[in-house]
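Colleague: Shown below is the structure under consideration.
The values are calculated or read from the model by the stated rules, or taken from the named source; none is laboratory data. Every value quoted in this text rests on a predicted model; they were computed, and no experiment measured them. Because the Cβ atoms are built from the backbone with ideal geometry, glycine has one as well, and the counts that use them run over all protein chains shown.
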Amino acid sequence: MNESFSTGQIAKYCGVHLRTVIRWIEQGYLKGYKLPGRGNNRVLKEEFLAFLTRNQMPVPQELLSREKRVLVVEDDEEMANAITRVMRRDGWHIIHARDGFQAGLALADTKVNLITLDLMMPGMDGFSVLEVLTNNPELSKIPVLVLSGCNEEQLQKAKAMGAGAILAKPFDNQRLLAVANSLVDITVND
């Protein structure tokens, strides 16, 4: 079940009056929902954290997720499902994007510890995504694990463009987890 907060809880976290939080919801700045039959507003934890991030407000320490979050950028549904199954069993929370554009939208709303990236996708391909990531000071800190069926030359090009690691498809499940976890450990310790 998704964790949610009352407007009173959010007011305490943000150090504002309860009416301010209700106004945020009414004006569409903060996405909330009403409980049936009561009219009280509730806000999902993910929505509250996204609101704080969008508005450059500090995230309370107790709300910071200890969960490992990965953005899987993969247009092939079967491959995305395979990556998801393997990583979810290892305790990762998965966000899926089918192309570079969706990846950008996901990164605007959610903080992730890792990006797995396919290189060959319709529209904005993996090379374009790497270029955007490396040119953005905040996003360049997120480690990227390229998972691709491309030839060795293209894999090395991705590495040169900033990918933290590369794995050719098909990949070994244990190797995927080992590389993913090592990239996150390196980032956390830096």
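Okay, residues lined up against (1) closer than 29 Å to Ser128 by Cβ; (2) polar (S, T, N, Q); (3) in contact with a Cys (Cβ under 9 Å, 6 or more places away or on another chain); (4) not in a strand (DSSP E or B):
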residue: Gln9; (1), (2), (3), (4): no, yes, no, yes
residue: Lys12; (1), (2), (3), (4): no, no, no, yes
residue: Val16; (1), (2), (3), (4): no, no, no, yes
residue: Val21; (1), (2), (3), (4): no, no, yes, yes
residue: Ile25; (1), (2), (3), (4): no, no, no, yes
residue: Lys31; (1), (2), (3), (4): no, no, no, yes
residue: Arg38; (1), (2), (3), (4): no, no, no, yes
residue: Ala50; (1), (2), (3), (4): yes, no, no, yes
residue: Thr53; (1), (2), (3), (4): yes, yes, no, yes
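Colleague: Let me ask something additional. Test of understanding: among Asn181, Asn151, which residue is out of contact with any helix residue (DSSP H, G or I) (no Cβ under 7 Å at 6 or more places or on another chain) and surrounded by 15 or more Cβ atoms within 10 Å (Cβ to Cβ)? Full working, then the answer.
Modeller: Values: Asn151 fails: surrounded by 15 or more Cβ atoms within 10 Å (Cβ to Cβ).
Within the list Asn181, Asn151, the selection yields Asn181.
Colleague: Does any residue in the stretch 141-169 that is outside the structural domain of Gly126 (by TED's automatic domain parsing) come within less than 7 Å, Cβ to Cβ, of a residue that is part of a strand (DSSP E or B) and surrounded by 17 or more Cβ atoms within 10 Å (Cβ to Cβ) six or more places away or on a different chain, and which pairs are these?
Modeller: Correct list of pairs: empty, since none qualify.
Colleague: Where the second residue is loosely packed, with under 12 Cβ neighbours inside 10 Å and of a type in the set (S, T, N, Q) and the first is at pLDDT below 95 and lies in the stretch 22-33, which pairs have Cβ atoms under 9 Å and are six or more apart or on separate chains?
Modeller: Tyr29/Asn55
Colleague: In the stretch 48-70, is there at least one residue being over 12 Å from the mean Cα position of the chain (by Cα) and within 25 Å of Met121 (Cβ to Cβ)?
Modeller: no
Colleague: If you don't mind, another one. Taking the conditions exactly as written (farther than 20 Å from Leu155 by Cα and in the same structural domain as Cys150 (by TED's automatic domain parsing)), does Ala108 satisfy them or not?
Modeller: On the way: farther than 20 Å from Leu155 by Cα: yes; in the same structural domain as Cys150 (by TED's automatic domain parsing): yes.
Yes, satisfied.
Colleague: When you go through (1) in a loop (DSSP other than H, G, I, E, B); (2) touching a helix residue (DSSP H, G or I) at 6+ places or on another chain (Cβ under 9 Å); (3) not basic (Lys, Arg) one by one for Pro122, which number turns out not to apply?
Modeller: Against the list (1) in a loop (DSSP other than H, G, I, E, B); (2) touching a helix residue (DSSP H, G or I) at 6+ places or on another chain (Cβ under 9 Å); (3) not basic (Lys, Arg), Pro122 comes up short only on (2).
Colleague: Can you confirm whether Ile94 is closer than 21 Å to Val179 by Cβ and in a helix (DSSP H, G or I)?
Modeller: In short, no.
Colleague: Just checking, does the stretch 47-55 include any residue being buried (at least 18 other Cβ atoms within 10 Å of the Cβ), within 27 Å of Arg98 (Cα to Cα) and β-branched (Val, Ile, Thr)?
Modeller: no
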